[in-house]
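Remarks on the structure that follows.
The values are calculated or read from the model by the stated rules, or taken from the named source; none is laboratory data. Quick caveat, the model's predicted, so the values are computed rather than measured. FYI the Cβ positions are ideal-geometry reconstructions off the backbone, even for glycines, and counts take in every protein chain you see. The area values use the complete protein model at the heavy-atom level, side chains included, leaving out ligands, DNA and RNA. Shrake-Rupley method; radii C 1.70, N 1.55, O 1.52, S 1.80 Å.
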Amino acid sequence: MKKYTIHLTVNGEKHTLEVYPNALLLNVIREDIGLTGTKYACGTGQCGACTVEVNGEPVLGCMTLAVAVDGAEIKTIEGLAQPDGTLDPLQEAFLDTNAVQCGFCTSGMILIGKDLLNKNPSPSESEIRNHIKGNLCRCTGYNGITRAILKCSK
Amino acid sequence: MIAKRADTESVKAEYRVIGKPLPRHDAWGKVYGETKYSNDYKLPNMLYGKVLRSRYAAARLLSIDTRDAEKLPGVVSVMTAKDVQNNETVTRFGQTHAVGGFEGLYRVLADKKIRFKGEAVALVAAERRDIAEKAIDLIKVEYEPLEGVFDPVAAMQPGAYQVGEDKSNVICSYKVRKGNIEEGFAHADVIVENTYRVPMVDHAYLEPESGMAWLDDDGVITIRAATQVIEHFRGVADVLGLPHNKVRVIAPMVGGGFGGKEDITVETYLALLVWKTGRPVSLTYTREESIIAHGKRHPYIMRYKTGATKDGKLVAMEAELISDAGGYVYLSPWVLLYSTVQATGPYDIAHVRVDTHTVLTNNTFCSANRGFGGPQPCFAYESQLDELAKQLNLSPLEIRKRNYLHTGDAMATGRVLEHRVETEQTAEKVLEALGPPSKPKSPPEKIGRGVASSMTSYGRMMFLHDTSRSFVSLDLDGSVTVRCGVQDIGGGQASSLAQIAAEILGVPLSDVNVYIGDSALTPLAGTTTATRQLYMSGNATLKAARVVRDNLLKKAAEILNTSPENLDLKDREIFIQNHRKDTLGLKKTDPECNVNYGGTRKAVVAVETCVDDDSDRVVALEDVVKACAAEGMPLFNVAQFNAPTRELIDFKTGQGKVFADFTFGTQAIEVSVDEETGKVTVLKIVSCYDVGQAINPLSAEGQLEGGALYGLGYGMMENVIMEKGITLSPTLAEYLIPTAVDAPDVETIMIESGGGVGPFGAKGIGEPSCVPTAPALANAVSDALGVRIYELPITPEKILKALGKI
């Protein structure tokens with residue numbers, strides 16, 4: 001199988017990568033770029049743990065071919081805090097409201113929550129629940145997560 | 001909703017770090033996305049492992065031809081049963097005390113007879129994941145399909161298809177006998193008899209089974225895997241015929257466990273491939289593999305006959321429980337024993353007869369799942385209670401109040417509940433918090449409310465002689481290190497140990513670093529199962545920290561020219577206290593210091609310490625540490641906590657003591673049901689538990705909220721659908737778990753009776769929190785519609801059938 005050259009800007013950093021045409025964006029981010037905050041959990045687009053931001057929109061890394069997003073600006077969970085470690089307000093809220101247990105859904109949850117807040121700075125609780133319903137969490141019962149996003153709602 | 005903590009404010013002043021709602025120390029790494037789970041490490045030269053799984057649920061394995069797979073470029077190794085030194089061993093589940101009668105066969109790779117679909121047949125290690133996947137397809141396996149048996153009742157019959165090599169499919173049976181059951185029913189004015197069914201359930205943790213292993217330069221196979229039991233290193237070593245100290249298991253932060261990572265999953269496969277190739281190997285199950293091939297929660301068929309007098313007193317309960325163990329034994333005998341002991345629930349019943357059986361079939365094997373045999377009978381006995389209440393025209397609360405066990409009462413197994421029992425208080429509180437009933441919005445909508453209570457053990461069965469160890473030390477700068485072999489599966493297992501050490505050593509939580517989950521380097525702390533870690537390792541850490549504290553105070557007393565009893569520790573300072581009557585956490589009761597707590601307990605409250613600015617009376621922790629170090633005074637301790645023990649109970653009568661203590665709680669649910677569509681909307685859940693003492697109220701609240709939703713999934717939607725051993729729901733598109741829109745408002749209430757056997761009087765809540773949700777839902781639906789659903793999950797289809805509409 002022939003490899004293709006693609007260019008991705010991930011969390012502001014430019015990467016030139018040689019990838020197979022069937023390489024998934026999730027695996028390229030995790031294995032070629034080495035950012036493991038994005039998680040593999042179902043591989044079939046049913047849980048949202050692999051959510052990343054591609055050109056400003058949330059995308060499931062396990063359902064996206066890396067070659068299909070050649071040239072894209074990508075943000076992963078590692079790109080959310082400031083370079084000095086200052087947390088994004090939503091990350092801060094996740095700490096305060098006990099939205100984190102095992103942490104495996106957390107990256108995807110924070111990114112889908114950010115997506116909502118970017119599009120609608122003052123979502124209601126039902127708007128929040130509706131927006132994050134594609135992201136599964138097995139530990140928290142979603143209440144802490146909903147509270148965290150609500151806390152950032154203006 | 002933010003947790004309410006009942007009547008506790010008066011005693012909180014006693015503690016400085018525990019009891020405080022602090023973000024857990026592991027939460028930061030998780031929100032940064034920096035926490036490294038089992039699948040997040042790579043090593044140079046690493047191979048990818050893959051498992052070939054059986055296509056049939058019941059078959060004879062005739063031959064395996066691996067030649068084509070081995071020839072594929074990039075394939076490094078292919079292994080089958082003949083390559084495994086000890087392919088058949090005995091499952092021991094990390095136990096250190098050998099108890100007869102609970103062993104099951106642990107077969108690493110299929111040989112002779114296939115017992116369930118998805119059973120591992122061969123292993124591949126290859127340079128790339130896609131090559132490993134391709135190699136799996138090139139292995140030729142010849143099977144002779146067999147008829148199999150898929151229904152546990154059929155499997156129990158004489159002459160049934162034999163799932164394994166033994167003559168009978170019945171793994172084991174237990175009994176409880178109390179009083180005289182015929183006499184009991186003769187005294188009953190009302191008797192209800194029903195059969196209940198509960199489905200097979202998957203844990204559906206977000207992190208699938210996963211690990212990476214390598215051969216260290218000292219010849220030790222080191223496995224870094226998502227597990228609840230690092231002590232499987234012994235079982236893995238036995239398979240390879242190696243000394244136990246040549247296998248090391250490390251558990252990094254685990255992405256959810258719920259019992260599904262209690263048995264060995266990837267560890268043995270990784271060890272075999274590493275030993276054969278000498279190279280690091282990584283192996284992560286796909287979601288489909290996870291659903292078809294790891295242990296599930298047992299489906300049960302439960303016949304309950306319950307009798308009560310006309311004033312609502314339970315007089316007789318007869319129960320027969322049959323559990324489907326699937327293809328292998330694993331933890332089925334233990335799960336069944338939990339169900340047996342807890343079959344009568346938190347109720348006092350004079351005449352009891354319980355018979356339970358667990359049976360092999362050719363379905364996916366079943367093993368531990370949150371609640372461990374508790375949720376199944378709870379659905380039955382709590383449904384029965386509401387049926388009796390209806391016939392007797394009593395409220396659900398009233399019939400329960402007339403029958404709850406109280407402190408000092410004996411269970412049906414004869415075991416006296418010597419620790420705190422607050423079930424009645426939890427029931428009153430949930431109903432009070434549920435508030436006035438909602439109004440139905442439109443004609444087809446009916447509102448209903450249900451309540452259910454449970455008692456669930458925490459800590460392992462006493463005949464296992466459970467132990468845990470923890471190491472606590474102070475460094476020269478006054479920072480604290482805890483080393484404890486707990487596995488943190490997301491419940492805050494590590495962070496609560498840090499809180500305990502910080503409390504006892506008078507340092508802020510941020511000064512404590514915790515090393516966990518390494519079978520070679522952290523003192524062994526046992527399994528993160530059975531809701532036991534806070535109880536066991538919390539007590540071990542408390543014990544170790546107190547020894548360090550005592551040494552520290554001894555030296556400080558010399559420096560300050562006083563005696564250690566006059567000293568206290570806080571914010572990295574040791575100081576003379578003026579009127580302190582009680583040393584922190586030592587539970588010495590001084591009558592002058594007692595306060596009445598919520599009308600129910602006497603709590604110890606430290607008298608406020610009075611410190612003036614006199615530097616003769618204060619010394620920095622760091623200075624005392626340095627003084628100790630200069631003189632060679634040890635500022636570390638490894639403590640072992642031994643749970644109280646008993647020998648095996650009498651299996652003919654079920655009489656005896658199996659568990660150290662129980663956690664009691666009640667949940668109430670309000671639903672709206674659409675009579676035309678059968679759709680149930682859960683409006684509110686209130687969950688109240690006596691948690692003993694919340695070490696971290698945020699973590700405890702998280703368990704109560706998450707547990708309620710885990711239980712609601714069981715009640716409303718979760719079902720591993722099997723047809724002749726084939727899983728029809730192998731992905732998260734068919735196996736549905738609750739989403740954010742299914743999750744109702746969960747209000748949590750914690751009672752802190754201080755009456756548990758854990759550190760500071762804590763009880764365990766990880767598993768108890770999910771047990772009564774499904775029956776509370778069933779009771780709410782029954783209240784709304786006037787008809788009962790006897791089988792979980794309660795789907796719109798079942799509701800419409802019960803209403804006679806389809």
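Find all pairs meeting these conditions: Cβ atoms under 9 angstrom apart; at least six residues apart or on different chains; first residue within the stretch B:512-540 and acidic (D, E); second residue open to solvent by less than 10 Å² (accessible area, probe 1.4 Å).
B:D518/B:I230; B:D518/B:V249; B:D518/B:A251; B:D518/B:G485
Whether any residue in the stretch B:648-661 is β-branched (V, I, T), within 18 Å of B:G756 (Cβ to Cβ) and open to solvent by less than 40 Å² (accessible area, probe 1.4 Å) is what I want to check.
Within the stretch B:648-661, one or more residues are β-branched (V, I, T), within 18 Å of B:G756 (Cβ to Cβ) and open to solvent by less than 40 Å² (accessible area, probe 1.4 Å).
So which residues in the stretch B:116-136 are in contact (Cβ under 8 Å) with a residue 24 or more places away in the chain, open to solvent by 40 Å² or more (accessible area, probe 1.4 Å) and either of a type in the set (S, T, Y) or not in a loop (DSSP other than H, G, I, E, B) (or both), if there are any at all?
Answer for the stretch B:116-136, where residues must be in contact (Cβ under 8 Å) with a residue 24 or more places away in the chain, open to solvent by 40 Å² or more (accessible area, probe 1.4 Å) and either of a type in the set (S, T, Y) or not in a loop (DSSP other than H, G, I, E, B) (or both): B:R129, B:E133, B:K134.
Whether any residue in the stretch A:34-43 is more than 9 Å from chain B (Cβ to nearest Cβ) and either touching a residue at least 24 places away in the same chain (Cβ under 8 Å) or open to solvent by 10 Å² or more (accessible area, probe 1.4 Å) (or both) is what I want to check.
Looking for residues that are more than 9 Å from chain B (Cβ to nearest Cβ) and either touching a residue at least 24 places away in the same chain (Cβ under 8 Å) or open to solvent by 10 Å² or more (accessible area, probe 1.4 Å) (or both), one finds none in the stretch A:34-43, hence no.
Mind listing whichever residues of the stretch B:555-575 are surrounded by fewer than 18 Cβ atoms within 10 Å (Cβ to Cβ) and over 40 Å from the mean Cα position of the chain (by Cα)?
Across the stretch B:555-575, the qualifying residues are B:E558, B:I559, B:N561, B:T562, B:S563, B:N566.
Look at A:T97 and say whether it is more than 25 Å from B:P208 (Cβ to Cβ) and touching a Gly at 6+ places or on another chain (Cβ under 8 Å).
Yes; evaluated as a whole, the condition is true for this residue.
Can you tell me which of A:T106, A:T51 is open to solvent by less than 50 Å² (accessible area, probe 1.4 Å), more than 7 Å from every other protein chain (Cβ to nearest Cβ) and under 19 Å from B:G256 (Cβ atoms)?
A:T51
If you scan the stretch B:27-36, which residues turn out to be within 18 Å of B:A226 (Cα to Cα) and either more than 7 Å from every other protein chain (Cβ to nearest Cβ) or surrounded by fewer than 20 Cβ atoms within 10 Å (Cβ to Cβ) (or both)?
Within the stretch B:27-36, B:G29, B:E34, B:K36 meet the criteria.
Out of the residues in the stretch B:207-226 that are open to solvent by 10 Å² or more (accessible area, probe 1.4 Å) and on the phi < 0 side of the Ramachandran plot, state the one that is farthest from the other protein chains (Cβ to nearest Cβ).
Ranking the qualifying residues of the stretch B:207-226, first place goes to B:D218.
Select, from B:E422, B:E382, B:E318, B:E398, the only residue that is surrounded by fewer than 20 Cβ atoms within 10 Å (Cβ to Cβ) and at pLDDT 95 or above.
On inspection, the qualifying residue turns out to be B:E398.
Which condition from (1) of a type in the set (V, I, T); (2) open to solvent by 10 Å² or more (accessible area, probe 1.4 Å); (3) under 29 Å from B:N779 (Cα atoms) is the one that B:V671 breaks?
Failing condition for B:V671: (2).
Can we say A:E127 is of a type in the set (D, E), open to solvent by 10 Å² or more (accessible area, probe 1.4 Å) and within 7 Å of chain B (Cβ to nearest Cβ)?
no
So that you can scan it fast, the table gives a plain yes or no per residue for (1) in a loop (DSSP other than H, G, I, E, B); (2) under 19 Å from A:F104 (Cβ atoms); (3) touching a helix residue (DSSP H, G or I) at 6+ places or on another chain (Cβ under 7 Å):
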{"residue": "A:K2", "(1), (2), (3)": "yes, no, no"}
{"residue": "A:T9", "(1), (2), (3)": "no, no, no"}
{"residue": "A:K14", "(1), (2), (3)": "no, no, no"}
{"residue": "A:L17", "(1), (2), (3)": "no, no, yes"}
{"residue": "A:N22", "(1), (2), (3)": "yes, no, no"}
{"residue": "A:R30", "(1), (2), (3)": "no, yes, no"}
{"residue": "A:G34", "(1), (2), (3)": "yes, yes, no"}
{"residue": "A:Y40", "(1), (2), (3)": "yes, yes, yes"}
{"residue": "A:G43", "(1), (2), (3)": "yes, yes, yes"}
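Right, B:V757: assigned to a loop (DSSP other than H, G, I, E, B) and either open to solvent by 10 Å² or more (accessible area, probe 1.4 Å) or more than 10 Å from chain A (Cβ to nearest Cβ) (or both) or not?
yes
Out of the stretch A:130-154, which residues are within 7 Å of another protein chain (Cβ to nearest Cβ), part of a helix (DSSP H, G or I) and without any contact (Cβ under 8 Å) to a residue 24 or more places away in the chain?
Passing the criteria: A:N130, A:N143, A:T146.
Going by the structure shown, is B:P145 open to solvent by less than 20 Å² (accessible area, probe 1.4 Å) and either among the aliphatic types (A, V, I, L, M) or modelled with pLDDT of 95 or more (or both)?
no
Filter the stretch A:79-113 down to residues that are touching a residue at least 60 places away in the same chain (Cβ under 8 Å) and under 9 Å from the mean Cα position of the chain (by Cα), then give me how many there are.
Selection size over the stretch A:79-113: 5.
Of the conditions (1) within 14 Å of another protein chain (Cβ to nearest Cβ); (2) open to solvent by less than 50 Å² (accessible area, probe 1.4 Å), A:M63 clears all except one; give me its number.
For A:M63, the exception is condition (2).
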